[in-house]
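Engineer: Pasting in a structure now, in structure tokens, and then I'll have a few things to ask.
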There are 4 protein chains.
Amino acid sequence: VNEPETGHGPRAESGREDRDGPIGFAVVGAGRMGAFHAETLARRPGARLLAISDPVEEGARRLLARPELEGVLYERDYQKVLADPEVRAVVVASPGGSHPELIAAAAEAGKHVFSEKPLGYELAAADRALAAVERAGVLFQLGFQRRFDAGFRRARALVADGSLGKIELLRSLTRDPELPFPAAMPPWALFRETLTHDFDVVRWLAGSEAIEVFAMADTLFAPGRREEGQVDTAVVRIRFADGALATVDGSFRAVYGYDVRAEVFGSGGMVTVGDGAPDAARHYTREGIVTPRPRWFLDLFAEAYAAELADFVDRVADGAPPAVTGADGRASLLICLAAIESVQTGRPVRVADVG
Amino acid sequence: VNEPETGHGPRAESGREDRDGPIGFAVVGAGRMGAFHAETLARRPGARLLAISDPVEEGARRLLARPELEGVLYERDYQKVLADPEVRAVVVASPGGSHPELIAAAAEAGKHVFSEKPLGYELAAADRALAAVERAGVLFQLGFQRRFDAGFRRARALVADGSLGKIELLRSLTRDPELPFPAAMPPWALFRETLTHDFDVVRWLAGSEAIEVFAMADTLFAPGRREEGQVDTAVVRIRFADGALATVDGSFRAVYGYDVRAEVFGSGGMVTVGDGAPDAARHYTREGIVTPRPRWFLDLFAEAYAAELADFVDRVADGAPPAVTGADGRASLLICLAAIESVQTGRPVRVADVG
Amino acid sequence: VNEPETGHGPRAESGREDRDGPIGFAVVGAGRMGAFHAETLARRPGARLLAISDPVEEGARRLLARPELEGVLYERDYQKVLADPEVRAVVVASPGGSHPELIAAAAEAGKHVFSEKPLGYELAAADRALAAVERAGVLFQLGFQRRFDAGFRRARALVADGSLGKIELLRSLTRDPELPFPAAMPPWALFRETLTHDFDVVRWLAGSEAIEVFAMADTLFAPGRREEGQVDTAVVRIRFADGALATVDGSFRAVYGYDVRAEVFGSGGMVTVGDGAPDAARHYTREGIVTPRPRWFLDLFAEAYAAELADFVDRVADGAPPAVTGADGRASLLICLAAIESVQTGRPVRVADVG
Amino acid sequence: VNEPETGHGPRAESGREDRDGPIGFAVVGAGRMGAFHAETLARRPGARLLAISDPVEEGARRLLARPELEGVLYERDYQKVLADPEVRAVVVASPGGSHPELIAAAAEAGKHVFSEKPLGYELAAADRALAAVERAGVLFQLGFQRRFDAGFRRARALVADGSLGKIELLRSLTRDPELPFPAAMPPWALFRETLTHDFDVVRWLAGSEAIEVFAMADTLFAPGRREEGQVDTAVVRIRFADGALATVDGSFRAVYGYDVRAEVFGSGGMVTVGDGAPDAARHYTREGIVTPRPRWFLDLFAEAYAAELADFVDRVADGAPPAVTGADGRASLLICLAAIESVQTGRPVRVADVG
């Protein structure tokens, strides 16, 4: 089995960190995910959150007012944060398009980097970031948190131990209850921001590399803007090197709530992940048996988000290779780009032709 | 393991039926269950439905107007039906209180008898019926149809093959969406008509005999009529000879629909039966995930009702012992009577003291 | 909403049948489905099964030995059956490739026709059959039995009453536990015999017509025979006229058992169908909570198979239009043919280009 | 509706705490729950964990070696901890029998007290503790963490908002996969330590007070020791003042894993809590569909345990009344004592007669 999961990413050359005490951290980006990661770091032994940087001071100040973040500094300019020798690792949680620039800058400053997904929107920028990481020899880990979710891990374990046999069909989907991004949504956000998770999941679960992508997409919210990449509904088929076929779908209007599921079918059996029940209560009414709406992503994946960052802290401390590599991020980005081109041309696109 | 399931009931002495052709049947009682059984017989090779008897002619005539019952005769007086030598077997589907008299009369006429539950309301009458069956040497089988339901059978199989180890705790419940019986509901109908199923189920699943019963009951629909036995809510605890403890509950106002479940817990594991979903569709709405209301009993147990009668037809043809015996009916009745006495006295009652 | 469900098929011109008594039926094909339909007819008031025709006498004789088929005649040559004026309706249950010829012959003989799916393997033959039906003015109904399954019907009802809003994404899958057909499996059997159900289901649930198909398929059981159309794994994407996107997948080796599911996602919510549990028992073991394997198709769809034929009998009697039309069969066949061409060319295929 | 949930417990007389900075805490007892609570406090803004006391130094030292507990002091003698004026609140997590003594001592020292369940084993000692709390005017909250679990809270909310109508039947059960306590298990541990949770749950969900208890129990692990109260299997029926009937059962050998469920049935509908699935993955195998074993209590209730202590911290800071009062603990203890007497006498016991 081809095994992207264990693909070796850039490794901390110096081996185990020898400096004493908790690892100094900075978080760049004080939005939803930056706030979550800041709280995780504030509670994590082995890590010490020193600074938060965000060009918008107001939001960052509100975040820093939380009692658990007492003593953490605010810095508008991330370059100043990177110049601080106490900061040994950086969490990049800025808007997706800026990830490559920030990853590169942090690596060049000799910091270990944990970046939120995606690796970037364009291949050239992403490759520049990865090259900077490679040159600096720092640890770089990407935030595909589903790999740390208990259900997804169980699915992956069944693949890895052979229980499912040869993998033949996969499915992954993400449906948001509404447009998940602010007004300034990047073009092709459905692919670049949302389905990048699913592209990573099917590749990780398949244990194989994507070779061909065929995507259909539509713009149901704002008809006529499909050409700008403002699609809100998509179905993507991916063929993998070992013959497995994956279907990914996404939507920005699941009125019943956030919906994340996956399915792996192989010659030895099947595993499904995701059922959406937010808790174990079932309400029996005159109209039927009601399970409440699924949880929104920060609740659904709260444990996974905390676990991925805890894992990163441990790897920095141990000099271990990353759990999710730059190569993983690049592979998901290639599928994205192939999907976009497929929508634009109406034809299947070979991954080799976009990367 | 004590094994009431295979307890030998009265056996057709003549062994395999030697007369040719399908077995002539009559159905006594043209209500809901009589109609269902009549249709099953009309479709069953090996059986030929000859007559239906019911004192209320109108309902019987309506039933007989169904095309599949073409050619079946109506007879007001069941004694005339029993006098017909072509009728070799009788299905008793009259009101519960009349079962013993009809069973006895049919047996005395030399007919094999399949009777709807319960065996009866009072012990003396039930015993007279069983004695008549014994003397006549006819096949007698009782209609505890849950024993023929796929889920209940799987539960019983896990008990019987030892998968659940020593049985320690059991649960069975029946909740009707509304008063299931007509105005002239017999006293203690909740015990005598409804929970008699559950008493049989826990005894069958436990593989042991009840020795002590403690019941609480209340009248929520018509407060003040509890003394008459018009209870609509009850919880019954049963201790079995081998130490297992069962809890049975019942209600006449499950607004969410008909609810039948069971649970068997043993030293080797657990099995649960019943989840109420009427079909495999799940509706995801803004308010949550909705499974429709459970099915009403004739739908939920349609296959079981048909299977129990088909089984009886086969046993008559083969001269085999009954699947559900008079002794099973008597045991369930004893638990009923102990439960009624327990409610009346507020104390645990030994089964041996009522029978 | 475009509404293929209610598309008017050929109608019995004479209106309500005026001849008295049950409708005389013949079944052509004594295999698994022929046997099932024969039993349904034998039990159905309003129908009278007169003859079964099959070139292989032995199997037909075995079937006719069942007691409920007593008196039904065997006829090797189906033309002789069609010449019998007592036979007013024919059930076609022969191998799929012969359906058009048999449908046409029966229609030309003035018989009403219920045919097992598919309508045929090739468009020209299918069209000849439909033309014959049209000319004869007989009732023709196709056996897409999922339309009669309770769960699928509930899903369709939620589409039809607007609960799901505008339909955007659909999914349907069929996975067989093993090769479902005999040695002489027709080429592209996965599409022509199995996924034809799913093509019909997504079209029926979408309430729209397919306009483009893109399919990938592979041969995992017998590598190298893909060119002959002996594929055993496939994923098909279908774009509908109103913009909805459907994904269909199929396999011939679901080791966990027969798997049929569907999902409809719209602007108003979602419905899923199918969970595979064969009964309501759940076994809690040291290794986890176990639900038994799903049922095989004849059990899973037993009620639907009986219901579709009962429906046909009623429509013949009432002179009503068919529930599933020749146009429905043709539409499913077109998707099949487009899918096959898509696999062969590696490109999306417009449905208009194959039909 | 009688509403024990909001019963007013002892209130911090001084109103909102006016001292600045986080509240100094000590944890008494360094076992499993003490360790969990210590970690929660270490991460909780608004709280500062100062000391851990436990007579067994070795375990406490091991706990204190965790990096997140750096700087926390060890003190063998809890009286010294209580003498520290920086310690303003105490978490009691010692063995259950010692709770009353520790609660009283902490209250007398003027500390707010959060105590693990149960309130105690004997009524006199529990009452002495509550009197001390009353005199001291400190905040006292009891650790019935199920009240903070999302599923249980949803159930309670459906009761409280009237969705379930008048509550008629309740069920709660706890089954441990093995003996949960060390060799020196207290007599009647199943009631006093385990089912005390369920007694609280049914009372809380019923919104009424227990008036009569009837319990059966057995000793299946060590036959012959039932007289000593070493029962491992029990079923308890409870009648509430407003007529509702509850059934509680417990076991120390659920081989399929930890099992906690509840059910509330009322005139308006039903809610069930608990299904045991540890994550959202389902494995489809040749043998059936497998859901993994349920989680052990520290995982199942991890969020609830953290939430109850966070709630207590907030209430201390705000001078708010406790979420779970001493009166709640006393009510659960009374049901325990009535259940023990009922097992010993074989008769129903009125709660008023034990308290």
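Engineer: Go from 0 up to the bin containing the longest alpha carbon distance in region C:26-120, width 5 Å each, and give me the % of pairs per bin.
Structural biologist: Using 5 Å bins, I get a P(r) of 3, 16, 29, 27, 19, 6, 1 for region C:26-120.
Engineer: Quick one: of the DSSP bridges fully inside the protein assembly as shown, what percent are antiparallel, nearest 5? Working shown, then result.
Structural biologist: Numbers: 154 of 266 bridges.
Counting DSSP beta bridges with both partners in the protein assembly as shown, the antiparallel share is about 60 percent.
Engineer: Once you have a ≥ b ≥ c as the square roots of the Cα gyration tensor eigenvalues for the protein assembly as shown, tell me rounded if a/c is under 1.5, and otherwise prolate or oblate according to whether a/b is larger than b/c.
Structural biologist: Numbers: a/c = 2.50, a/b = 1.17, b/c = 2.13.
Since a/c reaches 1.5 but b/c is at least a/b, the shape of the protein assembly as shown is classed as oblate.
Engineer: Rounded to whole Å, how close does chain A get to the rotation axis onto D by Cβ? Give me the residue too, please?
Structural biologist: That would be A:43, 2, residue then distance in Å.
Engineer: Right, another one. Sorted by average packing, counted as other Cβ atoms within 10 angstrom per residue and highest first, what order do A:92-98, C:64-70 take?
Structural biologist: A:92-98, C:64-70
Engineer: Continuing with this model, one more query. When the helix-only estimate is applied to chain B (DSSP H runs of n ≥ 4, each -39,500 (n - 2.57), divided by the residue count), what is the mean residue ellipticity at 222 nm, nearest 500 deg cm²/dmol? Write out the running numbers ahead of the final one.
Structural biologist: Values: 11 runs with 116 residues, N = 355.
So the helix-based figure for chain B works out to -10000 deg cm²/dmol.
Engineer: Another question about this same structure. Which of B:293, B:350, A:48 has the fewest other C-beta atoms within 10 Å, and how do the rest follow up to the most? Please list the in-between numbers first.
Structural biologist: Details: B:293 22, B:350 14, A:48 18.
Ranked by crowding around the Cβ, least crowded first: B:350, A:48, B:293.
Engineer: Using modelled backbone amide H atoms (1.01 Å from N, in-plane), which distant-in-sequence or interchain residues come within less than 5 Å of residue C:320's amide H?
Structural biologist: none
Engineer: In addition: What does the charge add up to near residue C:241, with Lys and Arg as +1, Asp and Glu as -1, over the other residues with Cβ less than 11 Å from its Cβ? Write out the running numbers ahead of the final one.
Structural biologist: Values: positive: C:203, C:239; negative: C:209, C:212, C:242.
Surrounding charge for residue C:241 is -1.
Engineer: Determine Rg/Rh for chain B; Rg is computed over alpha-carbon atoms and Rh is the Kirkwood hydrodynamic estimate from the same atoms. Provide the component values of the computation, followed by the final result.
Structural biologist: Values: Rg = 20.2 Å, Rh = 20.9 Å.
With Rh from the inverse mean 1/r over Cα pairs, Rg/Rh is 0.97.
Engineer: Find every distance from the label point of residue D:160 to the corresponding label point in the other copies (7 Å from Cα along Cα→Cβ) and write them in nm, one decimal, shortest first.
Structural biologist: 4.3, 4.4, 4.9
Engineer: Also, I was wondering about something else. Restricting to DSSP loop positions (anything but H, G, I, E, B) with no more than 14 other Cβ atoms inside 10 Å of their own Cβ, which trypsin sites (Lys or Arg not before Pro) remain in region B:65-94? Before the final figure, lay out each step's value.
Structural biologist: Numbers: sites: B:76, B:80, B:88; in loops: B:76, B:88.
When the trypsin sites (Lys or Arg not before Pro) of region B:65-94 are filtered for loop state and at most 14 Cβ neighbours within 10 Å, B:76 remain.
Engineer: Which order do D:99, A:197 fall in if you start with the one that has the fewest other Cβ atoms within 10 Å?
Structural biologist: Ordered from fewest to most neighbouring Cβ atoms within 10 Å, D:99, A:197 come out as A:197, D:99.
Engineer: Mind checking the mean number of beta-carbon atoms from other chains within 10 Å of the Cβ atoms in A:254-260?
Structural biologist: On the way: counts 7, 11, 12, 6, 0, 3, 1.
For peptide A:254-260, the averaged partner shielding equals 6.
Engineer: Can you list, shortest first in nanometers, how far residue B:122 lies from the same residue in the other copies, with each label 7 Å from Cα toward Cβ?
Structural biologist: Shortest to longest, the spacings are 5.5, 8.0, 9.5 nm.
Engineer: Determine the dipole magnitude for the protein assembly as shown: charges of +1 sit on the beta-carbon of Lys and Arg, -1 on that of Asp and Glu, nothing else is charged, the reference point is the Cα centre, and the result goes in debye to the nearest 20. Write out the running numbers ahead of the final one.
Structural biologist: Numbers: 164 positive and 208 negative charges, 0 e Å.
Charge dipole, the protein assembly as shown, about its Cα centre: 0 debye, nearest 20.
Engineer: Given all pairs of different Cα atoms, what value in angstroms does the Kirkwood hydrodynamic radius of region A:171-225 take? Please list the in-between numbers first.
Structural biologist: Numbers: mean 1/r = 0.0770 Å⁻¹.
Computed over Cα pairs of region A:171-225, the Kirkwood hydrodynamic radius comes out at 13.0 Å.
Engineer: I want the local charge near residue D:354. Using Cβ-Cβ distances under 14 Å, sum +1 for each Lys or Arg and -1 for each Asp or Glu among the other residues.
Structural biologist: Here the charged neighbours net out to -2.
Engineer: Only loop residues by DSSP count here, and only those with at most 15 other Cβ atoms within 10 Å; note down the GluC sites (Glu not before Pro) in region B:85-165 that meet that.
Structural biologist: Filter output for region B:85-165: B:86, B:122.
Engineer: On to the next question. In region C:27-129, with Lys and Arg counted as +1 and Asp and Glu as -1 at Cβ, which of these residues, C:37, C:94, C:73, has the Cα nearest the positive end of the dipole, that is, farthest along it?
Structural biologist: Ranked along the dipole, the leading option is C:37.
Engineer: Give me the Debye-computed log₁₀ of I(q)/I(0) at q = 0.19 Å⁻¹ for region A:285-338, equal point scatterers on Cα only, no solvent, two decimals.
Structural biologist: Ignoring solvent entirely, the Cα scatterers give -0.86.
Engineer: Same structure again: Please report the projected area of region A:178-335's Cα convex hull averaged over all directions, in nm².
Structural biologist: Values: hull surface 51.6 nm².
Hull-based average projected area comes out at 12.9 nm².
Engineer: So, one more: Roughly how big is chain D's charge dipole about its Cα centre, with Cβ charges of +1 (Lys, Arg) and -1 (Asp, Glu), in debye to the nearest 20? Working shown, then result.
Structural biologist: On the way: 41 positive and 52 negative charges, 101 e Å.
Computed charge dipole of chain D: roughly 480 debye.
Engineer: Can you give me the P(r) profile for region B:117-206? Cα pairs, bins 10 angstrom wide beginning at 0, each as a whole percent.
Structural biologist: Each 10 Å bin holds this share of Cα pairs: 14, 36, 33, 17, 1.
Engineer: Additional query: Working from the pairwise distances between different alpha carbons, so that the mean of 1/r is found and then inverted, what is region D:229-307's Kirkwood radius in Å?
Structural biologist: On the way: mean 1/r = 0.0640 Å⁻¹.
The Cα-based Kirkwood calculation yields 15.6 Å.
Engineer: Output wanted: per-residue J couplings in Hz (rounded whole) for region A:36-45, from phi through Karplus 6.51 cos²θ - 1.76 cosθ + 1.60, θ = phi - 60°, x for Gly and Pro.
Structural biologist: Working through the residues one at a time gives 4, 5, 4, 5, 4, 5, 5, 9, 8, x Hz.
Engineer: Next up: Tell me the Kirkwood hydrodynamic radius of region B:67-177 in angstroms, computed as one over the mean inverse distance between distinct C-alpha pairs.
Structural biologist: On the way: mean 1/r = 0.0608 Å⁻¹.
Evaluated over region B:67-177, this radius sits at 16.4 Å.
Engineer: Also, quick follow-up: How much net charge surrounds residue B:56 when only other residues with a Cβ under 12 Å from its Cβ are counted (Lys, Arg +1; Asp, Glu -1)?
Structural biologist: Working: positive: B:61, B:62, B:76; negative: B:54, B:57, B:58.
Here the count lands on 0.
Engineer: Mind listing the label-point distances from residue B:267 to the same position on all other copies, shortest first, one decimal in nm, points 7 Å along Cα→Cβ?
Structural biologist: For residue B:267, the other copies' label points sit at 4.3, 4.6, 6.3 nm, shortest first.
Engineer: Using the count of nearby Cβ atoms within 10 Å as a rough guide to exposure, how do C:204, D:296 rank from fewest to most?
Structural biologist: Values: C:204 25, D:296 14.
So the ranking, lowest neighbour count to highest, is D:296, C:204.
Engineer: Let me ask something else. With +1 assigned to the C-beta of every Lys and Arg and -1 to the C-beta of every Asp and Glu, and no other charges, what is the dipole magnitude of region A:253-355 about the Cα centre in debye, to the nearest 20?
Structural biologist: The dipole magnitude comes to about 460 debye.
Engineer: Using θ = phi - 60° and the Karplus relation 6.51 cos²θ - 1.76 cosθ + 1.60, list the HN-Hα couplings for region A:98-103 in order, rounded to whole Hz, with x at every Gly or Pro.
Structural biologist: Listing the rounded values in order: 8, 4, x, 4, 6, 4 Hz.
Every read-out reported here was derived from the displayed coordinates using simple, explicitly stated rules and does not represent laboratory data. Note that the structure is a prediction, hence the values are computed from the model and not measured. With ideal geometry, Cβ positions are generated from the backbone for all residues, glycine too; neighbour counts draw on all protein chains shown.
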